[in-house]
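Enquirer: The structure that follows is given in the form of structure tokens.
The values are calculated or read from the model by the stated rules, or taken from the named source; none is laboratory data. Being a predicted model, the structure only gives us computed values, none of them experimental. Protein only, heavy atoms only, side chains kept; ligands, DNA and RNA dropped before computing areas. Shrake-Rupley method; radii C 1.70, N 1.55, O 1.52, S 1.80 Å.
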Amino acid sequence: QDQAEQFFKSGHTNNWAVLVCTSRFWFNYRHVANTLSVYRSVKRLGIPDSHIVLMLADDMACNPRNPKPATVFSHKNMELNVYGDDVEVDYRSYEVTVENFLRVLTGRIPPSTPRSKRLLSDDRSNILIYMTGHGGNGFLKFQDSEEITNVELADAFEQMWQKRRYNELLFIIDTCQGASMYERFYSPNIIALASSQVGEDSLSHQPDLGIGVHLMDRYTFYMLEFLEEVHPASQTNMNDLVSRISTLSNLFFPWCSPNAFCTATVCLGSSFVGRVFLPLLSKTV
């Protein structure tokens, strides 16, 4: 009974996730694997497909260059296929556009849009937004043909707040100069994590000779390795995550130059200092 009372006092009753891979082409295999791996983790931690909007700009499982059709692997030696029978892709291929992404966030979508393509969150929703692809200072590329800027993203989050579409929001981005994407955020109740600071690269990880490409990006790989140890009732917090990623980067890649480290850049609002936030991915925040 005490746990139930605390749950409803928190102002939070449901969880959502919007997971976005913005890259096309075979050599960006790792970006699809990044997103599918996060998808696998959030489902394991309790968020159902009905509360996940999955956007994949390319279908690596069916790519003619894939030596293992109908699979996407995230670990070397093809140990883990993250493209299983239970993957539900909501936006695929050329449906993954800046316009559609912003419409999903803000709820400004046509009435005919099916429920699976909607973010039906409210002011009691905690939302994870994960993005991966190629970016630069203040932008993230979509489909190698258009860009979303940090201003557009910040304004979309403000619309979400004004329209009472979230309670708390966790934004994670794995791209070069990722921290630049949250520099313009001005809405409350947001925690942002990036794989690289302004002027830094986000590095690929685990080259596989059999497939011919890198399987994941380093930041997402270590983030997911950490999340695999988290359970729905865990009290693990964001500081634990950042500390773990930094430690593993220095431990396994001491030969890298400073700007090649797997940098975890964290932006914390003052209201979140000391908060336990990782369980946002579970049912028990």
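Enquirer: Out of all DSSP beta bridges in the stretch 83-215, what portion is antiparallel? Express it as a percent rounded to 5.
Expert: Working: 8 of 20 bridges.
Of all bridge pairs located within the stretch 83-215, approximately 40 percent are antiparallel.
Enquirer: What shape does the stretch 54-93 have by the C-alpha gyration tensor, where a ≥ b ≥ c are the square roots of the eigenvalues, rounded means a/c under 1.5, and otherwise prolate means a/b greater than b/c and oblate the rest? If you can, show how the numbers build up before the last one.
Expert: Values: a/c = 2.17, a/b = 1.42, b/c = 1.53.
Because a/c hits 1.5 or more and a/b fails to exceed b/c, the stretch 54-93 counts as oblate.
Enquirer: With every protein chain left in place, what is the accessible area per residue of the stretch 1-156 in square angstrom, probe 1.4 Å? Don't jump to the answer; show the numbers that get you there.
Expert: Working: 6860 Å² over 156 residues.
For the stretch 1-156, the per-residue accessible area is 44 Å².
Enquirer: Quick one: Debye curve from the C-alpha atoms of the stretch 1-141, no solvent, what's log10 I(q)/I(0) at q = 0.10, 0.14, 0.20 Å⁻¹?
Expert: The computed values of log10 I(q)/I(0) come out as -0.38, -0.70, -1.23.
Enquirer: Hey, what's the Cα Rg ratio for the stretch 90-212 versus the globular rule of thumb, 2.2 N^0.38 Å? Walk me through the numbers before you get to the answer.
Expert: Values: Rg = 15.3 Å, N = 123, 2.2 N^0.38 = 13.7 Å.
Rg over 2.2 N^0.38 Å, computed on Cα atoms: 1.12.
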